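The values are calculated or read from the model by the stated rules, or taken from the named source; none is laboratory data. Remember, it's a predicted structure, so these values are computed and weren't measured experimentally. Backbone-built Cβ (ideal geometry, glycine too); neighbour counts: all protein chains shown.
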Amino acid sequence: MHPSNLISRRQVLAAAALAVPAFQAFGQAPRTLRIGNQKGVLSFLKARGTLEKRLAPLGVNVTWTEFNAGPVQLEALNVGSIDFGDVGEAPPIFAQAAGAPLVYVAATVPLVASEAIIVPKGSTVQKLADLKGKKVAYNKGSNVQFFLAKLLEKNGLAYSDVQHVHLAPADARAAFVQGSVDAWVIWDPFLAAAQKTLDARLLADATGVVNNRGYYFSSRSFADKNADILRIAVEEVTAIDKWFGTDRAAAAAEYAAILGLDRSVAELTLQRRPIGTVPVTKAILAEQQQIADTFFELKLLPKKINILDAALAGAA
């Protein structure tokens, strides 16, 4: 072989070796993190691409799928279509009862002002007691279902005292506008949009009723094999949370642009959102157990569940 050809071949082999990512060189297969997100903090993470940059050196690819509510997200987890997502209090409880292999990865601080029950501007409903016999719309299996149950209880009404109309957010908004329902129980940014664009009147938010935490979840099998990926994902979520707290105006502008919202809707949504991502402790899981027990008592769950079965190993 001619020396020049030998040198050329060596150079090609050297370049090829450098091009092989470290994770492949050590015999590790590429991994994928499939994220299912709602309109919220994860939307910022998707738009910024910072998670992809953090995970690239580990040979991890990231894919995104947007959902309009938590129950469908967890259905996707149950059939193995996603590995990580954000959700309210109730969906993981229904998912666990259905046998979904979920685990709680992180939680938000309580978001009591971020969900509420609203009525049209000209509604004759002035107080909670006035809802007796009325049609109340909400997304079945979502955090607002527990909020409604406890809100009715706090105001002397039984769960059966109202007509329950199960509608996804977009359909519920249409029914609200058309006057097909008397009230709507909903979360931000849909709540803020109804207040700003429909002049909806807030009857009560979750203050003093429920904590309304958000949760980040994964599947047991993914969490067991990919603790490093989930740790980085939570770190990136926490970074977004901290940024919210340092520059609300800039955050509102970015939020509006990412989700195609009116600036006033984005501002109201973030204005009443406390900042904080926290580990899921046994005390927080006890809050979830109370919700699960309430749903079982209302015959909304087919069986009792133990929330600790969905805890990550080492939960404090």
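Restricted to region 156-179, and to residues there that are closer than 25 Å to Leu268 by Cβ and part of a loop (DSSP other than H, G, I, E, B), the residue that is modelled with the lowest pLDDT is Ala168.
Restricted to region 196-217, and to residues that are hydroxyl-bearing (Ser, Thr, Tyr) and in contact with a strand residue (DSSP E or B) (Cβ under 8 Å, 6 or more places away or on another chain), which residue is farthest from Arg231 (Cα to Cα)? Spell out the reasoning first.
Here is the first cut: in region 196-217, the ones hydroxyl-bearing (Ser, Thr, Tyr) are 197, 207, 215-216.
Cutting the leftovers down to in contact with a strand residue (DSSP E or B) (Cβ under 8 Å, 6 or more places away or on another chain) gives us 215-216.
On the way: Tyr215: 14, Tyr216: 11 Å.
In this case the residue turns out to be Tyr215.
Among the residues of region 285-316, which ones are within 22 Å of the chain's Cα centre (by Cα), over 19 Å from Val105 (Cα atoms) and assigned to a loop (DSSP other than H, G, I, E, B)? Once the filter is applied, which keeps residues that are within 22 Å of the chain's Cα centre (by Cα), over 19 Å from Val105 (Cα atoms) and assigned to a loop (DSSP other than H, G, I, E, B), region 285-316 yields Leu300, Leu301.
Yes/no per residue for (1) touching a residue at least 12 places away in the same chain (Cβ under 8 Å); (2) surrounded by fewer than 18 Cβ atoms within 10 Å (Cβ to Cβ):
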site	(1), (2)
Leu261	yes, no
Pro274	yes, yes
Lys299	no, yes
Ile307	yes, no
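Here is a yes/no grid of residues against (1) farther than 30 Å from Ala252 by Cβ; (2) among the aromatic types (Phe, Trp, Tyr); (3) crowded, with 18+ Cβ neighbours inside 10 Å:
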position	(1), (2), (3)
Ile82	no, no, yes
Asp86	no, no, yes
Ser123	no, no, no
Lys135	yes, no, no
Tyr138	no, yes, yes
Ala149	yes, no, yes
Lys154	yes, no, no
Ser160	yes, no, no
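Of the strands (runs of 3 or more DSSP E) lying entirely inside region 85-146, the ones with 1 or more residues being hydrophobic (A, V, I, L, M, F, W, C) and assigned by TED's automatic domain parsing to the domain that holds Ser221 are found at 102-108.
Being assigned to a helix (DSSP H, G or I) and at pLDDT 95 or above is true for just one of Ala257, Ala204, Ala194, Ala252. Which residue is that?
On the way: Ala257 fails: at pLDDT 95 or above; Ala204 fails: assigned to a helix (DSSP H, G or I); Ala252 fails: at pLDDT 95 or above.
Among Ala257, Ala204, Ala194, Ala252, only Ala194 is assigned to a helix (DSSP H, G or I) and at pLDDT 95 or above.
Determine which member of the set Ala107, Ala100, Ala69, Ala90 is farther than 23 Å from Leu312 by Cα, buried (at least 16 other Cβ atoms within 10 Å of the Cβ) and of a type in the set (Gly, Ala, Ser). Just a single option satisfies the conditions, and that option is Ala69.
Here's the yes/no breakdown for (1) surrounded by fewer than 18 Cβ atoms within 10 Å (Cβ to Cβ); (2) in contact with a Cys (Cβ under 8 Å, 6 or more places away or on another chain); (3) in the same structural domain as Pro274 (by TED's automatic domain parsing):
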| site | (1), (2), (3) |
| --- | --- |
| His164 | yes, no, no |
| Leu167 | no, no, no |
| Ala183 | no, no, no |
| Ala193 | no, no, no |
| Ser218 | no, no, yes |
| Ala223 | no, no, yes |
| Glu235 | yes, no, yes |
| Ala252 | no, no, yes |
